[in-house]
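The structure appears right after this line, and notes come after that.
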Amino acid sequence: MITKVSRPNLLRRKNLRPVAHLTIPTWIFLALVVLIPFFYGIYISFLNINLASFLPPSFVGFDNYQTVLAASETWSTLRITLIITLIGLLMQIPIGILLALVLHENLRGTKIFRSILITPMLLTPVAVGLTYRFMFDTDLGVINWALGSIGIEKVNWLGSQTSALFAIIIVDSWQSIPFVMLLVLAALTAISSSLYEAARVDGATASQIFRRITLPLITPTLLVITMIKIMDFLKLFDTLFILTRGGPGNATTTLGLWTYKTGFVFLEFSRAAALGVIITIITLPVYFLWRRASKGVR
Amino acid sequence: MKGKHLLKRRNFKVVALVAAAVLTLSACSSDSESGGEVGGEINVFLIPSPSSTSIQSFIPEFEAETGIKVNVSETPYGEAHQKQLLSYNQKAGAYDIAQFDNTYLAPFCQAKAMLPLDSYISGSDEYDINDFGKGQQDYGKCKGETLGLTLSTEPMIQWYRTDLYEKLGLTPAKTWDEYYNNAKKVQAAGFGGQIMGFGPNVSWWWMTLVWSFGGALYDENLNPVVNSKEAVAATDYLKKLLEVSPKGAITATGDDTTSKFLGEDIGAMLNYSGYYGMALDPSINKNAGKIGTAPAPMGTVDTTHLAGWNIGVPADAKNPDAAWKFLEFVLGKTNSVKYLESGAAAIGRQSIINNADLVAKNPYLPQLEIPSSSRIERYPQIAVWPEFEVAAIDAVTQVLTGKQKSQAALDALNEKLKPILAKEPKS
């Protein structure tokens, strides 16, 4: 048995060798653009580089990490990042599943509806952020105009932490739900129709079919979506920057935006690198979970 | 074959001699046109703005007149200063002229990144530094040296709607109490009372008020003093103004503030004069002909918050003499009217401020005349200002959104600023 299994593997390996050689330039390129900057980032997080100081950098050990971890902004921005992530996931995944289930039914007009639904995915986040910024404008925005027409008083959408966070999640969801929907739809298509037919013959209700068949079979896909979305939320920047710039004050500043401000506004490059390393450490478990979930999907 | 070669060699010599003669003659003619001093080419670093557009409009004429080739690279504000710092740090000599915000004068000064221009200025009748008011002559100075010429003069001034004020029998405020009362009356009449940017640029207005109320941001030893009773009073007043502002003002940037004032019915606005270009644009200004300007109201201390662009010559410039020639050409007295008319924010030259024709077209120009009695306050000249500013904006926003009282927020800010200011090199 062992020889039977291992021989084709050996053959496959032999066949793959020339192909593997062809990928060497890509690996070199990846090393240049990913690995070297990554390790250089870790290296400079132990120095004291400030672009405005013009002093030669010196080794400061864990000083940057101590400063960053002692700063209240690090924790408040991490908290904001987690809030956006949690509420975003709770909003985007159920709505995405719901839309996928509706599209999976192949009702009349599904094709047009599907095309319309994926349009937000095609737009650049900056354009989306700018459009929504005008829409959320307290005095001139269409949202307040619509609310006003039904007698609801103007809401200062971007003027307080709660409403601004809500607005950010709405905008991100508008762009991300189609992505969730498409992946779930692909997972639904992969489920054999014979399972549904058998369940119906056994007298299962629609709710039971969803809980006992659909949900368990799309769970690996949902896990992958969740991991991808968590990583997306951790690096959320463009829409947020255009929409609120992290304001009012720092009320909607995420850890990613705070890292940007530290590096490119305060010009504290080493401190920003330390924050980057911390974000990487936070992201690592998510990455490993994603790897596991991906295996499940395969 | 040999004869042919000889002919060719002879021909080559002739061609070489003619070429050398032509080159020498053209070089001489170019020198004679430019005064025989400088030539070559210069690289100009600009930041997209009306001033930048105006500068570029002079290039063809300058090149034709001097033979100096001018190359321009524009970089958006968000990364412009970082790019300059990187270039100066590497002593790359990439730029001969660079536009920069006055807030970056301090880090450039500490790094000795810019060439002192005093010897050029003192020897130039064309630039004529005495055409500027006494206080404004120092706008680009750091530690006694001029590191940047004034590219725009932008005091924080009072803007008001002449039609609304006339209808309600109001006059531009001279004190902060009057300013608030005017706004209240305009609001009672069903309009927006006044507007300032209470959003991500709130520091502009907050520090204007702190200075005007007699406070300061830090003392001479760089200890923060933002929780003084004057600063608390200024912050309380800022919050009070929010009550007489349109709702959207809480998130407004500098640009939003101006757009709202020019596009809606709002009684008054406090903003930099440099925004007046927007008032001249009929697609933005729905209230053309109804915009008046006046000096900012006065608090317990007569101060003028002065902002604006600088432009200078980096210390590592490869062609500083040609760079100065270009700056003198664009920003000198001869072309100063043309400079303004090509869309730039005005430079506060006496010859411009007192030019009746220009004032008729740009009624705000008299506001650039800052009386000698008024103490000019610039953006804090410290390298850690960006970090200071973000902390200040956060604290002031806590007050404006009602999360904290002024005293508590400013006490906390004062503590937060101590380690930030401690990083600033003591001069």
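Quick test for you: out of B:LYS416, B:LYS361, B:LYS325, B:LYS338, pick the one residue that is within 20 Å of the chain's Cα centre (by Cα) and not polar (S, T, N, Q).
Working: B:LYS416 fails: within 20 Å of the chain's Cα centre (by Cα); B:LYS361 fails: within 20 Å of the chain's Cα centre (by Cα); B:LYS325 fails: within 20 Å of the chain's Cα centre (by Cα).
On inspection, the qualifying residue turns out to be B:LYS338.
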Restricting segment A:236-246 to residues that are in contact with a helix residue (DSSP H, G or I) (Cβ under 6 Å, 6 or more places away or on another chain) and within 9 Å of chain B (Cβ to nearest Cβ), the one farthest from A:ARG79 (Cα to Cα) turns out to be A:THR244
Sole miss for A:PHE233 among (1) surrounded by 21 or more Cβ atoms within 10 Å (Cβ to Cβ); (2) within 14 Å of chain B (Cβ to nearest Cβ); (3) under 17 Å from the mean Cα position of the chain (by Cα) is condition (2)
Considering only helices (runs of 4 or more DSSP H) wholly within segment A:109-192, the ones with at least 3 residues that are away from chain B (no Cβ under 13 Å) and among the polar types (S, T, N, Q) are A:110-122, A:161-190
Among B:LEU86, B:LEU105, the single one that is without any contact (Cβ under 8 Å) to a residue 12 or more places away in the chain and of a type outside the set (S, T, N, Q) is B:LEU86
Listed by first then second residue, the pairs whose first member lies in segment A:60-89 and is not in a helix (DSSP H, G or I), whose partner is not hydrophobic (A, V, I, L, M, F, W, C), with beta carbons under 8 Å and at least 6 positions apart or on separate chains, are A:VAL60/A:ASN48; A:VAL60/A:SER270
Here the residues within segment B:411-421 that are within 14 Å of chain A (Cβ to nearest Cβ) and touching a residue at least 12 places away in the same chain (Cβ under 8 Å) are B:ALA412, B:LEU413, B:LYS416, B:LEU417, B:LYS418, B:ILE420, B:LEU421
- Query: Do we have A:GLY109 as farther than 28 Å from B:ILE250 by Cβ and either surrounded by fewer than 13 Cβ atoms within 10 Å (Cβ to Cβ) or of a type in the set (Asp, Glu) (or both) here?
  - Reply: yes
Within segment B:108-123, the residues that are buried (at least 19 other Cβ atoms within 10 Å of the Cβ) and at pLDDT below 90 are B:GLN110
Going through segment B:343-392 in order, the residues found to be among the β-branched types (Val, Ile, Thr) and in contact (Cβ under 8 Å) with a residue 60 or more places away in the chain are B:ILE347, B:ILE370, B:ILE376, B:ILE382
- Quick check: anything in segment A:215-236 outside any helix (DSSP H, G or I) and in contact (Cβ under 8 Å) with a residue 12 or more places away in the chain? yes
ask   = Right, B:LEU105: at pLDDT 95 or above, surrounded by 23 or more Cβ atoms within 10 Å (Cβ to Cβ) and out of contact with any Asp or Glu (no Cβ under 9 Å at 6 or more places or on another chain) or not?
value = no
Among B:GLU126, B:GLU65, B:GLU74, the single one that is in contact with a Ser or Thr (Cβ under 9 Å, 6 or more places away or on another chain) and over 20 Å from B:SER152 (Cα atoms) is B:GLU65
Restricted to segment B:120-165 and to residues being of a type in the set (S, T, N, Q) and over 19 Å from the mean Cα position of the chain (by Cα), the residue nearest to B:HIS305 (Cα to Cα) is B:ASN130
Heads up, the helices (runs of 4 or more DSSP H) in segment B:208-282 (entirely inside) with at least 3 residues that are away from chain A (no Cβ under 14 Å) and farther than 30 Å from B:THR53 by Cα are B:229-243
Across segment B:116-148, the tally of residues that are polar (S, T, N, Q), free of Cβ contacts under 8 Å to residues at least 60 places away in the same chain and more than 22 Å from B:ILE370 (Cβ to Cβ) stands at 2
By residue number, the members of segment B:244-286 that are in contact with a Pro (Cβ under 7 Å, 6 or more places away or on another chain) and closer than 18 Å to A:THR244 by Cα are B:ILE250, B:THR251, B:THR253, B:LYS260
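Residue by residue, here is whether (1) within 14 Å of chain B (Cβ to nearest Cβ); (2) touching a Leu at 6+ places or on another chain (Cβ under 7 Å); (3) closer than 18 Å to A:PHE46 by Cα holds:
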position: A:PRO248; (1), (2), (3): yes, no, no
position: A:THR252; (1), (2), (3): yes, yes, no
position: A:LYS261; (1), (2), (3): yes, no, no
position: A:LEU267; (1), (2), (3): yes, yes, yes
position: A:ALA273; (1), (2), (3): no, no, yes
position: A:GLY276; (1), (2), (3): no, no, yes
position: A:ILE279; (1), (2), (3): no, yes, yes
position: A:PHE288; (1), (2), (3): no, no, no
position: A:ARG291; (1), (2), (3): no, no, no
message = Going residue by residue through segment A:73-94, is there one that turns out to be more than 14 Å from every other protein chain (Cβ to nearest Cβ) and over 26 Å from A:LYS235 (Cα atoms)?
response = no
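The values are calculated or read from the model by the stated rules, or taken from the named source; none is laboratory data. On a predicted model such as this, the values are computed, not experimentally measured, just so you know. All Cβ positions, glycine included, derive from the backbone under ideal geometry; neighbour counts span all protein chains shown.
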